[in-house]
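The values are calculated or read from the model by the stated rules, or taken from the named source; none is laboratory data. What you are looking at is a predicted structure, and each value in this text was computed from that prediction instead of being measured. All Cβ positions, glycine included, derive from the backbone under ideal geometry; neighbour counts span all protein chains shown. Ligands, DNA and RNA are stripped out before the accessible areas are found, and what is left, the full protein with its side chains, is counted by its heavy atoms. Shrake-Rupley method; radii C 1.70, N 1.55, O 1.52, S 1.80 Å.
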Amino acid sequence: MVFLRRAQGAWRAVLRIVGLAWVRYQVRVAGSAESYRRVCYVAEKNQLLDRLILEDLCVTRGWARPFDPIPNTLGLNQDAFVGQRQPKGILVRRMVPAGDEELRALIEWLAERPQADIQLVPVSVYWGRAPQRERSWLKLLLAEEWGTAGRFRRLLRILIHGRDVLLKVSAPVSLRQMVAEGLGVDRTVRKTGRVLRIHFRRQRVATLGPDLSHRRLLVAEVLQSDLVRQAVSRDVTTGKRSERKAQRIARRYAYEIAADYSYPMVRLLERVLSRLWTKLYDGVDVFHLDSLDQIEPGSEIVYVPCHRSHIDYLLLSYVIYNKGLALPHIAAGVNLNMPMVGAILRRGGAFFIRRSFKGKVLYSAVFRAYLAAIIARGFPLEYFVEGTRSRTGRLLQPMGGLLAMTVDSYLANPRRPLVFVPVYFGYEKLLEGATFVSELRGQDKRKESIGGLLRSIRGLRGEFGRVQVSFGEPIPLATHLDDVAPKRQLSHTDEPFRPEWFNDAVAKLGHRIMMGINDSAAVNATGLVALVMLATTKQAMVEAELLTQIRLYQRLLAEVPYAARVCLTPYSPVEILQTAERLGWLKRQSHPLGDVLSMTERQAVMASYYRNTLLHLLALPALIACAVVNRPDQARHELMITVKAAFPLMRAELFLSFPNDAIEAAIDAQLGAMQTLGLLRLQQLGDRVLAPDRGAGQVAQLELLAQIVTPFVERYYLGATLLLATGPGQWRREQLITRSRQAAQHFALIYSLNSPDLFAKELFKTFVATLLELEIVDVDADGQLVFGESLEVLAQGLNRMLPSRESRTLWQFARANAGSAAATHSSQE
């Protein structure tokens, strides 16, 4: 018997050498089998070459081998391997169920030994799914799929994808726990088999994506849904159109929306994108990708990234694919559904959505039904809650439409956990940077077209530095709903039948996602240089001073991290400066007393985008610096009052993650760090805050830090004084937004850098909305804004953060603009 075993072992060694000579595989291990005494591997399919790959891994790692008997199981003569399905047929191959007898033997053996246990280790092998570059069309056509391959196709797959194999080893599962439920042998066998089948299906979904190859079946499911049938019935009842015509239109909508997922196209795109990233970027830095491993298996994942560039969704899909996970279905604007391009995107997983559903009840019903169908099938989703690309670098206020539909779908069918994953993108140079500046300055937004695409391709010749992709803390929807509506009761979620808590829960979810994106920010070279240079008067600095300020910001971010997931750049100030110069952000002028680095006005305006992506990280220390620079000697409680006056406005605009009730602790932490770095002094046991001595080099550093947020304080003060200058009941909401924006733009033209990002309309809408939310202003019965002493208190706090001369200039400027506005109002009346 021993001789036979040795002979079999030698024969298997020869088989491995011969069979795996062409094979190269990558491994994803969720749990180790080496620490368990009794192990039995369970595979989705019982195929010899897959088993040899597993054996090769076990030999390499010193694990129990699948061809050997299960160790320490006296009386159980069974190999440590079970295949749930095995191929059958000579000409026509099909997979038939298998493995029940082996499971039965294991369960019966355990039933007789109450103290024993056997660990089942699920393993999956995918040919043509390992995350690496593919070489030919044959690979795209012969890669792993949901269907069963015949002998010839499998042979071709082994030959073509032999060096492109992915082996997944899942965490061991205790078979003793199954037996301990006392269901009897037969029911335990059935239950164990069912649990394993569900696991393998989820693993295949997570790796390849759900089996959505039958697009027509999905469209048919959408058209038969209650939502669509009710919308069609409504059209017929109101006489808007006949039933046949309504159904035809609904079908056209469904095909306009639906993705046409194609695995070969996905693999082709991965091949193209691999080359594109190599040509376009110096590297792609990915952070916190392991967050996805923490999500409960079988969960519906919704990726919610910030939107900075058209590169975003391509880059995120590439990263997810290389992780070995299923690509998400991506919500894309219907403007991208161009000839040829739309078809490629659709086969890569994109589904198309119109900008507005207003007045289109039938389209809305079809879209909601489609979204619910792909969520119910477990396909990951990706959409941008901002709705469009940010033209300023700041996160935009979240749009609630898709979020509300996603929450609706979950509440209608909550059996599958749903998790939102915020994603941060950081670019050292954007492809669309110049276009964004033009649009902010009033030029019409360019419509997407083939010609525009070709022009963009010509623009790929420059240098674009590195790009960062950082995954935020996953947000389980059930946990969020428990937090914001713990006593919720749900009967129906369709408008107008949504419960009172629904809209508030969706709005808070949107803000939580945006804060999650900011909490996972990645600091890069362009952002750090922009933070420093744009704080100077002429956007010029001596090289040594610039390096010192960059080093200061790096230390400040390290001393008091903004959030646990914020990623700091590993590069030194000198390397950061070299990167900025190479990318064309700085112009160097040699001088005997020290080289001067500067930005042209155009470079400065474009650099404001990258500064805005990192503003939130230094917002709080910059506010403190602003207060200390303008009040060099003050009590700690006075500084607290000053900073807390501006903080809620900035928190709403920048999605700062500090709760209002935790701001004092955050300020104290920053005060300690700033004292360590010499930016301020604390006396009288910390009860008094002083600026550095006048002759100290840190004075200039503190002033530059303060300038980061000075434009914010100026804008807030200007808006507050516009209201105060005219008195209550003189402005409507839209009038104040328009006039504040005009005044800020006028002020910038005269006194500071004319950067269009400083007077984007969204900033003033957020400002007025925050005043209303904080109940600093209110709306009377006539729709006019009214206010009391709270607005004066706010203005006084903002005034303390500005130099006296500047605050007087702003006050006079506001009075002049308010006066002209009052004259305009009276003439209109």
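Report the Rg/Rh value for the chain, based on alpha-carbon coordinates and the Kirkwood definition of Rh. Please list the in-between numbers first.
On the way: Rg = 31.3 Å, Rh = 30.5 Å.
Result: Rg/Rh = 1.03.
Near Val643, within a Cβ-to-Cβ distance under 14 Å, what is the net charge of the other residues, with Lys and Arg +1 and Asp and Glu -1? Intermediate values should be presented prior to the final figure.
Values: positive: Arg631, Arg636, Lys644, Arg651, Arg800; negative: Glu638, Glu664, Asp668.
Net local charge, Val643 excluded: +2.
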Cα lying deepest toward the dipole's positive end in the chain, options Ala673, Leu702, His288, charges on Cβ:
His288
Using θ = phi - 60° and the Karplus curve 6.51 cos²θ - 1.76 cosθ + 1.60, what whole-Hz ³J(HN,Hα) does each residue of segment 100-110 get, with Gly and Pro shown as x?
5, 5, 5, 5, 4, 5, 5, 5, 5, 5, 6
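Is segment 318-384 rounded, prolate or oblate when judged by the Cα gyration tensor, a ≥ b ≥ c being the square roots of its eigenvalues, rounded requiring a/c under 1.5 and prolate requiring a/b larger than b/c?
oblate
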Over the chain, give the accessible area per residue in Å² for a 1.4 Å probe, as an integer.
45
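Which shape class applies to segment 479-594: rounded if a/c is under 1.5, otherwise prolate when a/b exceeds b/c and oblate if not, where a ≥ b ≥ c are the square roots of the Cα gyration tensor eigenvalues? Spell out each step's value before the answer.
Details: a/c = 4.43, a/b = 3.17, b/c = 1.40.
Prolate, because a/c is 1.5 or more and a/b exceeds b/c.
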HN-Hα J couplings of segment 403-419 from phi, Karplus 6.51/-1.76/1.60, θ = phi - 60°, integer Hz, Gly and Pro as x?
4, 4, 5, 5, 4, 3, 4, 5, 5, 6, 8, x, 6, 9, x, 10, 10
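Of all DSSP beta bridges located in the chain, what percent are antiparallel, nearest 5? Intermediate results must be reported in sequence, preceding the final value.
Values: 35 of 69 bridges.
Of those bridges, close to 50 percent are antiparallel.
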In the structure shown, do any of Lys45/Lys279; Lys508/Lys761; Lys45/Lys191; Lys240/Lys765; Lys323/Lys358; Lys168/Lys191 have a Cα-Cα gap over 29 Å, and if so which?
Lys45/Lys279; Lys240/Lys765; Lys323/Lys358
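Give me the percent of the accessible area of the chain that comes from carbon and sulfur atoms, probe 1.4 Å, all protein chains in place.
Working: 19630 of 37580 Å².
Heavy-atom surface of the chain belonging to carbon and sulfur, 1.4 Å probe: 52 percent.
If you keep only loop residues by DSSP, which trypsin sites (Lys or Arg not before Pro) in segment 342-416 have at most 12 other Cβ atoms within 10 Å of their Cβ? Let's see the in-between values first.
Numbers: sites: Arg346, Arg347, Arg354, Arg355, Lys358, Lys360, Arg368, Arg377, Arg389, Arg391, Arg394, Arg415; in loops: Arg354, Arg355, Lys358, Lys360, Arg377, Arg389, Arg391, Arg394, Arg415.
The qualifying sites are Arg355, Lys358, Arg415.
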Using DSSP to call loops (not H, G, I, E or B), can you name the trypsin sites (Lys or Arg not before Pro) in segment 34-81 whose Cβ has at most 16 other Cβ atoms within 10 angstrom?
Arg37
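Within segment 645-748, which trypsin sites (Lys or Arg not before Pro) sit in a loop by DSSP and count at most 16 neighbouring Cβ atoms inside 10 Å?
Numbers: sites: Arg651, Arg681, Arg688, Arg694, Arg715, Arg732, Arg733, Arg739, Arg741; in loops: Arg694.
Loop-located and lightly packed - Arg694.
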Apply the a/c threshold of 1.5 to the C-alpha gyration tensor of segment 207-309 and tell me whether it is rounded, prolate or oblate.
prolate
Non-local residues with an amide H under 5 Å from the amide H of Arg85, with H modelled 1.01 Å from N and Pro and chain starts lacking one, are Lys45, Asn46, Ala98
Using the Karplus equation 6.51 cos²θ - 1.76 cosθ + 1.60 (θ = phi - 60°), what ³J(HN,Hα) coupling, rounded to whole Hz, does each residue of segment 504-509 give in order, writing x for Gly and Pro?
5, 5, 5, 4, 5, 5
Taking every other residue with Cβ under 11 Å from the Cβ of Ala563 and scoring Lys and Arg +1, Asp and Glu -1, one gets -1
Kindly report, to the nearest 10 Å², the accessible surface of Tyr255 as traced by a 1.4 Å probe over protein heavy atoms only.
80
Can you list residues from other chains, or at least 5 along the same chain, whose modelled amide H is less than 5 Å from the amide H of Val39?
Gln119
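Net charge near Ile353: determine it from the other residues with C-beta under 13 Å of the C-beta of Ile353, scoring Lys and Arg +1 and Asp and Glu -1.
On the way: positive: Arg346, Arg354, Arg355, Lys360, Arg368; negative: Glu256, Glu382.
Charge balance near Ile353 sits at +3.
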Relative contact order %, the chain, counting alpha carbon pairs below 8 Å whose residues are six or more apart
9
Sort the following peptides by mean Cβ neighbour count (other Cβ atoms within 10 Å, averaged over residues), highest first: 281-287, 574-580.
574-580, 281-287
